[in-house]
Structures are given as C-alpha cells and as structure tokens.
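Enquirer: One structure coming up, written as structure tokens, with questions to follow.
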Amino acid sequence: MKLKSLVSLMVVGVLFVACNANEKQIGEMLKKNPGILTDAIKENPVEFIEALNEAVKIAQGSQKKRQEEEEKAKLEESFTNPLVPSIRPDEVIWGTKGAPLTLVEYSDFECPFCSRGYQTVQELLKKYEGKIQFVYKHLPLSFHENAMPAAKYFEALRLQSPELAKKFHDNLFENFSKIKTGDKFFKSVAKDLKADMKKLEKDLNSKEVMDRINEDLDEAKKFGFQGTPGFLFNGVPVKGAYPASHFDGIVEELTKRGKISL
C-alpha cells in the first residue's frame, strides 16, 4: 500500500473517530500519537521514500514556477521603470558616446565569468557599432585578491587618459590567465602602454581612486548586484554571463515597446 494511501486512511480514521475534527485537532492528535506515522513508515520504507521523493519533485516544480513568475514580473517592471545608473562626465566610454543603447557592466577583473562577459561585450560593440556605448564599473569581490588592485590600476590610468584605461581593461581580459600574478603583471601592462609610472604610483592608493571605486560598489549594491558580472542594458538588469543573443532579445523588446529606434 502506498504511503499516501496509508496517510489518507489514517486521516479518514481520525475523522471517523472525531467527525468534527479540524486540521489543528488532527495535527494535535498525531503529535500525541506519533507512533501512527512512524509505524507506517517502518512497515513501508520503500513506499515512504518514493512518496517523499515525489513530494520533493512537486515542491521543486512549484518553487521553480514561482521563481520564474517572480523573474518575469521583475523583468516587466524593469522595462516599465528601468534602473538609471550614473554616467559621469569623465566616464570611460567604449563605442559611441550618447548612443541609444547603453550597456553598463559591474565587473571583477579576476572573475572567470567576467572574462566570458568581456567576449559578449565585444560582440555587442561590433554588432551595434555606432548605436551602443559601453561603461565598465567596478564590483571587485572580496575573495579575488587581485580584483581590487586591478580596479585601482584602471582608475589610476583613467586619471592619465581614458584610452590608457581602455587598453589596460582589454589587455587584462585578453590575457586573463596572467591576472593571478597580480601587481607584477599590472605594472608590466602599464609600462607597455607607456603610462607615467611615477604618477601611476602616486594615484594608485589616492582618495580619488578609492572614492571612484566605492561609488561603483554602492551603485551595484543599490541595484541588487552581488555577484559578477552584472549588467544594465538600457536600465534592464542582466545578472550573469549571458550570451549576446540574450541582449539581442532585450533590444528587440525595447524596440517593440517603442523605447528605442535603431
């Protein structure tokens, strides 16, 4: 006999004994007499495991459906009320400044998923050339020891030239395996880029650099980004290293809703 049948019979029995019993009363009766359930489980262990597994599958299915519905609602909300990141006057911009498409990434130079995200960004910059601007923001994770130093190098180089910061960013992601060597690698890249090394050394730990990184961290937190990479594509959040086709879908939806015209 299946466990569900056993439990059903027990409940029917309880109702037969106490026809006015409600769920609370039934629960209290089973608490007082737990042997009813334990004996049934002992006598039918296989059926119990099967029923338990079935219940877990049903619960997981319900949870997944609920999560999908919640994500769908959040996505709909983001199209209606897009998030608005700060685009500072001295922001480092890839692509076309002021373009109808704005892609902002909250990233960690040492994160392998951000390395994949870099490839996606390159695809999008190429596909929507002239119609997209890209902004890189910092979300160095505490367990990546070289992520914060790399962010500081990026910002210190930005103070010299936006082009230096861009080339540093691209070089790091194109030579991702070397990032774990840390400061030695970062310094060699800066030297190869003909940066002013004395100024760089002075600016690395400056208040201006740290304030800039902390601004990005605060903004990422405000928008609910905890892991990397996190993107805002015209205010629509994308959490994770999704392929370019995912962003294409957002462009299609924005176009359909009349939010953009490319």
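The values are calculated or read from the model by the stated rules, or taken from the named source; none is laboratory data. What you see is a predicted model, and the numbers here were worked out from it, not measured in a lab. Positions of Cβ are generated from backbone atoms using ideal geometry, with glycine treated the same way; all protein chains shown enter the neighbour counts.
Enquirer: Being buried (at least 21 other Cβ atoms within 10 Å of the Cβ), more than 20 Å from Leu217 (Cβ to Cβ) and acidic (Asp, Glu) is the filter here, so list the residues in segment 97-131 that pass it.
Expert: If the condition is that a residue be buried (at least 21 other Cβ atoms within 10 Å of the Cβ), more than 20 Å from Leu217 (Cβ to Cβ) and acidic (Asp, Glu), then no residue fits.
Enquirer: Continuing with this model, one more query. Restricting attention to segment 132-142, which residues are farther than 15 Å from Leu217 by Cβ and either not hydrophobic (A, V, I, L, M, F, W, C) or not in a strand (DSSP E or B) (or both)?
Expert: Gln133
Enquirer: Just checking, does segment 110-120 include any residue being in the same structural domain as Asp248 (by TED's automatic domain parsing) and outside any helix (DSSP H, G or I)?
Expert: Looking for residues that are in the same structural domain as Asp248 (by TED's automatic domain parsing) and outside any helix (DSSP H, G or I), one finds at least one in segment 110-120, hence yes.
Enquirer: Tell me the residue from Glu201, Glu219 that is out of contact with any Leu (no Cβ under 8 Å at 6 or more places or on another chain) and more than 27 Å from Phe113 (Cα to Cα), please.
Expert: Glu201
Enquirer: Are there any pairs, at least 6 apart or on different chains, whose C-beta atoms fall under 8 Å, with the first in segment 205-223 and in the same structural domain as Lys152 (by TED's automatic domain parsing) and the second surrounded by fewer than 17 Cβ atoms within 10 Å (Cβ to Cβ) and among the hydroxyl-bearing types (Ser, Thr, Tyr), and if so, which?
Expert: Glu215/Ser86; Glu219/Ser86
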